[in-house]
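Undergrad: Below are the structure tokens for one structure; questions will follow.
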Amino acid sequence: MRAFVFNGQPSRVVFGVGALDQLGAEIERLGARRALVLSTPEQQGSAEEVSARLGARSAGVYAKAVMHVPIETAEAARAVARELQADCCVAIGGGSTIGLGKAIALTSELPILAIPTTFAGSEMTPIYGITAQGQKKTGRDARVLPKTVVYDPNLLRTLPAKIAGPSGMNAIAHCVEALYAQDANPITSLMAEEGIRTLAASLPKVVSEPNNLDAKGDALYGAWLAGACLGMVGMALHHKLCHTLGGSFNLPHAETHTIVLPHATQYNREAAPEAMRCVARAVGNDDPAGALYDLAKAVGAPLALKDIGMPREGLERAAQLATENPYFNPRPVQYEGILALLTSAWRGERPSAAAQRSAA
Ligand code: NAD
């Protein structure tokens with residue numbers, strides 16, 4: 001066996017239908033007395049419910065989280081946390097809300113208790129992102145890793161299918177890239193393959209049977225594994241492309257991941273044979289890129305960059321930006337190949353070696 005380093009991330013996970021009932025005990029375990037509850041405006045109702053559950057241990061609700069953590073939002077939330085003398089953040093929501101909790105923790109060291117309601121996986125990572133002057137800067141810091149994560153499939157009852165599908169594909173993307181990461185190791189690879197298997201099997205049911213809590217629980221479990229992989233090993237071409245497209249063209253996060261993933265998988269297919277065998281096993285199909293495209297289609301997610309606001313004339317710039325700084329990827333990242341990948345993804349073609357060649 002190849003030598004490896006395993007960089008485990010210390011967090012406590014409480015998982016199960018009804019797990020939110022343990023919130024009080026978990027807050028007590030953290031030693032917190034004044035928790036600031038965070039959410040987006042859309043999920044303010046859930047945040048109020050959480051605050052009510054906390055009773056005297058709630059310092060208040062701040063329901064102004066938005067996508068990509070603008071610095072102004074981060075600073076306003078930090079000021080509220082100080083004014084209310086909060087000693088903990090409870091973040092209920094997706095990556096945007098948990099990201100706001102991380103921005104607070106970064107400067108205050110307040111512990112975070114995360115209650116994820118999407119499949120994005122931010123709750124399991126020490127990665128934060130803050131957007132200033134139109135640029136999102138990300139970093140790693142142990143202080144922002146949530147201390148406790150409460151996964152309760154009940155909270156996914158309200159998750160609309162059009163958010164659930166892309167969010168689950170976003171989670172699968174963490175797993176696929178973990179399998180060919182430069183610092184991949186046998187443990188994260190086990191988690192990644194299991195994450196893909198669980199998500200690929202459950203997502204179609206999550207979107208077509210909104211009351212199927214078993215499917216939502218399975219997908220949440222897969223998302224946990226995916227987030228853990230994202231937190232433990234480095235990502236490659238796919239995440240770099242999505243970061244570039246999201247940051248420079250303001251494309252929606254989970255949808256961008258959904259569209260790019262099959263094409264990035266196809267691009268790396270020959271260069272990462274062992275990883276591709278794992279993906280193929282997990283999706284039950286020996287064409288991993290095609291199977292991921294079919295899965296995105298089955299969950300009703302968008303399939304073409306042109307349908308989510310990417311201008312045709314931006315593809316060259318995106319390819320340039322994505323190839324500017326060398327970074328690890330199993331296959332060398334070269335302008336022509338990346339432009340072909342992006343063109344194929346822009347058109348929404350089912351990926352194949354031929355499609356990427358003809359787009360070139
Ligand atoms: P999101 O948090 O922006 O949520 C999308 C929308 O869905 C919001 O309006 C939210 O309120 C709503 N929503 C979420 N759960 C719901 C539920 N159960 N019921 C009803 N509505 C619900 O989307 P996201 O995809 O989870 O997060 C995206 C952000 O997270 C991006 O900024 C991305 O960069 C970041 N992210 C960070 C990491 C990390 O490790 N730092 C990992 C993944 C994603």
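Undergrad: How large is the direction-averaged shadow of the alpha-carbon convex hull of the chain, in nm²? Intermediate values should be presented prior to the final figure.
TA: Working: hull surface 65.9 nm².
Its average projected convex-hull area is 16.5 nm².
Undergrad: Explain nothing, just the number: dipole magnitude of the chain about its Cα centre with +1 on each Lys and Arg Cβ and -1 on each Asp and Glu Cβ, in debye rounded to the nearest 20. Please list the in-between numbers first.
TA: Values: 33 positive and 33 negative charges, 57 e Å.
Using Cβ point charges on Lys, Arg, Asp and Glu, the chain gives about 280 debye.
Undergrad: Tilt of helix 237-249 relative to the longest C-alpha principal axis of the chain, in degrees (0 to 90, nearest 10)?
TA: 70
Undergrad: Same structure again: Using +1 on the beta carbon of Lys and Arg, -1 on that of Asp and Glu, and nothing else charged, what's the dipole of segment 162-359 about the Cα centre, debye to 20? Walk me through the numbers before you get to the answer.
TA: On the way: 16 positive and 19 negative charges, 58 e Å.
Around 280 debye, computed over segment 162-359.
Undergrad: What spacing in nm lies between the two simple spin-label points modelled at A52 and A3, each 7 Å away from Cα in the Cβ direction?
TA: 5.8
Undergrad: Here is a further query. Provide, in order from the shortest bin, the percent of all Cα-Cα pairs of segment 135-219 in each 10 Å bin, continuing until the bin that contains the maximum pair distance.
TA: Bins of 10 Å from zero give 16, 37, 36, 12 percent of pairs.
Undergrad: At a Förster radius of 25 Å, what calculated FRET efficiency corresponds to the Cβ-Cβ distance of V17 and Q44, to the nearest 0.05?
TA: With a Förster radius of 25 Å, E is 0.60.
Undergrad: Calculate log10 I(q)/I(0) of segment 90-130 for q = 0.27 Å⁻¹, where I(q) comes from the Debye formula with a single equal point scatterer on each Cα and nothing for solvent.
TA: -0.88
Undergrad: When the helices in the chain are scored as -39500 (n - 2.57) per DSSP H run of 4 or longer and the sum is shared across all residues, what 222 nm value do you end up with, to the nearest 500 deg cm²/dmol? Numbers along the way, then the final one.
TA: Numbers: 14 runs with 189 residues, N = 360.
Helix-only estimate at 222 nm: -17000 deg cm²/dmol.
Undergrad: Which far-off residues, 5 or more places away or on another chain, put their amide H under 5 Å from the one on L38, with H placed in the peptide plane?
TA: Those lying under 5 Å, H to H, from L38 are Y62, V90, A91, I92.
Undergrad: What ³J(HN,Hα) values, in whole Hz, does the Karplus curve 6.51 cos²θ - 1.76 cosθ + 1.60 give for segment 309-324 when θ = phi - 60°, with x put for Gly and Pro?
TA: So the J values, rounded to whole Hz, are x, 7, x, 3, 6, x, 5, 4, 5, 4, 5, 5, 4, 6, 10, 5.
Undergrad: OK, next. Cα convex hull of segment 45-131: how many Å³ per residue? Numbers along the way, then the final one.
TA: Values: hull volume 7.3 nm³, N = 87.
With only Cα atoms used, segment 45-131 gives 84 Å³ per residue.
Undergrad: Rounding to the nearest 10 and keeping the result within 0 to 90°, find how far the Cα-based axis of helix 288-298 lies from the longest principal axis of the chain.
TA: 60
Undergrad: Taking 20 °C and 1.002 mPa s as the conditions, I'd like the Stokes-Einstein D for segment 201-298 in µm²/s, using the Kirkwood hydrodynamic radius from alpha carbon pairs.
TA: Numbers: Rh = 14.7 Å.
The calculation lands on 146 µm²/s.
Undergrad: Please report the relative contact order for the chain, taking Cα pairs under 8 Å with a sequence separation of at least 6, and give it as a percent rounded to a whole number. Please report the intermediate quantities before stating the final value.
TA: Numbers: 728 pairs, mean separation 52.0, N = 360.
So the answer I get is 14 percent.
Undergrad: First obtain the Kirkwood hydrodynamic radius of segment 12-156 from its Cα pairs, then insert it into the Stokes-Einstein equation at 4 °C and 1.567 mPa s, and state the resulting D in µm² per second as a whole number. Before the final figure, lay out the partial values.
TA: Numbers: Rh = 14.5 Å.
Approximately 89 µm²/s, per Stokes-Einstein.
Undergrad: Here's another thing I want to ask about it. Once both labels are modelled 7 Å past Cα along the beta-carbon direction, what's the N325-A161 spacing in nm?
TA: For the pair N325/A161, the computed spacing is 4.0 nm.
Undergrad: In degrees from 0 to 90, rounded to the nearest 10, what is the angle of the helix 186-208 Cα long axis to the longest principal axis of the chain?
TA: 80
Undergrad: Could I ask something else about it? Relative contact order of segment 162-359: what whole-number percent is it, with Cα pairs under 8 angstrom and at least 6 residues apart?
TA: Working: 315 pairs, mean separation 49.1, N = 198.
Relative contact order, segment 162-359: 25 percent.
Undergrad: Another question, if that's okay. Based on Cα positions only, what radius of gyration and what Dmax would you give for segment 162-359, in angstroms?
TA: Gyration radius and largest Cα-Cα distance of segment 162-359: 15.3, 46 Å.
Values quoted throughout were computed directly from the atomic coordinates according to the rules given, and no laboratory measurement underlies them. All values reported here derive from a predicted model rather than from experimental measurement. When we count neighbours, we look across all protein chains shown, and the Cβ atoms used for this are built from the backbone with ideal geometry, even at glycine.
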